[in-house]
1. Please go through (1) more than 18 Å from the chain's Cα centre (by Cα); (2) without any contact (Cβ under 8 Å) to a residue 40 or more places away in the chain; (3) under 30 Å from Glu190 (Cβ atoms) for Thr42 and return the number of the only condition it doesn't satisfy.
2. Criterion first (under 30 Å from Cys185 (Cα atoms) and either open to solvent by less than 90 Å² (accessible area, probe 1.4 Å) or touching a residue at least 40 places away in the same chain (Cβ under 8 Å) (or both)) does Leu116 satisfy it?
3. Hey, any hits in the stretch 64-82 for a residue that's among the hydrophobic types (A, V, I, L, M, F, W, C) and within 22 Å of Glu122 (Cα to Cα)?
4. Answer yes or no: is there a residue in the stretch 58-74 that is assigned to a helix (DSSP H, G or I) and open to solvent by 40 Å² or more (accessible area, probe 1.4 Å).
5. Looking at the stretch 129-141, can you tell me whether even one residue there is basic (Lys, Arg), assigned to a strand (DSSP E or B), touching a residue at least 24 places away in the same chain (Cβ under 8 Å) and surrounded by 11 or more Cβ atoms within 10 Å (Cβ to Cβ)?
6. Quick check on my filter: what residues within the stretch 157-191 are polar (S, T, N, Q) and modelled with pLDDT under 75?
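The values are calculated or read from the model by the stated rules, or taken from the named source; none is laboratory data. None of the values given here were measured: they were computed from a predicted structure. Neighbour counts are summed over all protein chains in view; Cβ atoms, including those assigned to glycine, are modelled from backbone coordinates with ideal geometry. Protein only, heavy atoms only, side chains kept; ligands, DNA and RNA dropped before computing areas. Shrake-Rupley method; radii C 1.70, N 1.55, O 1.52, S 1.80 Å.
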Amino acid sequence: MAETGDEMEYNSHHHRKYDISSRRNEWVKLNVGGTLFSTTRTTLCRDPKSFLYRLCQEDPDLNSDKDENGAYLIDRDPTYFGPVLNYLRHGKLVINKDLAEEGVLEESEFYNITDLIKLVKERIRERDAKQNQSHLKNVYRVLQCSEEELTQMVSTMSDGWKFEQLINIGSSYNYGSEDHADFLCVVSKECMNVLNGQEYEPTDKAKVLQQKGSRM
């Protein structure tokens, strides 16, 4: 049975209302610490184990309140929520240089977004490794020793000290016809400029080497 003109107009209007209503339901407003965010349910539901996924399902266990505009109220720092939301949108971790990775990690753990937690932790490890590398410096020591002391000094050298160069500076004393050679032994060690906010403190063995070197 063919539709009349009035029926066709009604059905068309009904479908348009349904599409508009569907699109409205797709968009979600979040009030995070007083800052409004607008996103879609699809974005918030990227991680089925996350707090935001449960929020979209209107999980009664969450008992989330809404503000006067219908936005879900979340009592968290909005500054660090931005990178979390952007990750859910495009799957990439983007953190502004003025934001601390630890803050993003804290929010990732609160919202329980597993993959993002792993990414942020890896970013922190890479950052710390670069910082530690930039704090390293080579420290050189020049040690004076006699021929008899040389073997013992080199064999007992430890704690990261490396032999660099040996220089024969000739004899300091003459006993009859025998010459007793003295040597300058150059050693180096890679150490931290700063460690936990304090200047590097050499170990006891390193101090012994430094004391020997102070004779020069």
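1. Of everything listed in (1) more than 18 Å from the chain's Cα centre (by Cα); (2) without any contact (Cβ under 8 Å) to a residue 40 or more places away in the chain; (3) under 30 Å from Glu190 (Cβ atoms), Thr42 misses just condition (3).
2. Working: under 30 Å from Cys185 (Cα atoms): no; either open to solvent by less than 90 Å² (accessible area, probe 1.4 Å) or touching a residue at least 40 places away in the same chain (Cβ under 8 Å) (or both): yes.
It is false that Leu116 is under 30 Å from Cys185 (Cα atoms) and either open to solvent by less than 90 Å² (accessible area, probe 1.4 Å) or touching a residue at least 40 places away in the same chain (Cβ under 8 Å) (or both).
3. So in the stretch 64-82, the residues among the hydrophobic types (A, V, I, L, M, F, W, C) come out as 71, 73-74, 81.
From the residues that got through so far, the ones that are within 22 Å of Glu122 (Cα to Cα) too are 81.
Within the stretch 64-82, one or more residues are among the hydrophobic types (A, V, I, L, M, F, W, C) and within 22 Å of Glu122 (Cα to Cα).
4. From the stretch 58-74, those assigned to a helix (DSSP H, G or I) are none; that's our starting set.
Looking for residues that are assigned to a helix (DSSP H, G or I) and open to solvent by 40 Å² or more (accessible area, probe 1.4 Å), one finds none in the stretch 58-74, hence no.
5. Let us first name the residues in the stretch 129-141 that are basic (Lys, Arg), namely 130, 137, 141.
Right, trim to assigned to a strand (DSSP E or B) and you get 137, 141.
Those left that are additionally touching a residue at least 24 places away in the same chain (Cβ under 8 Å): 137, 141.
Now restrict to residues that are surrounded by 11 or more Cβ atoms within 10 Å (Cβ to Cβ): 137, 141.
Yes.
6. Ser158, Ser171, Ser172, Asn174, Ser177, listed by residue number.
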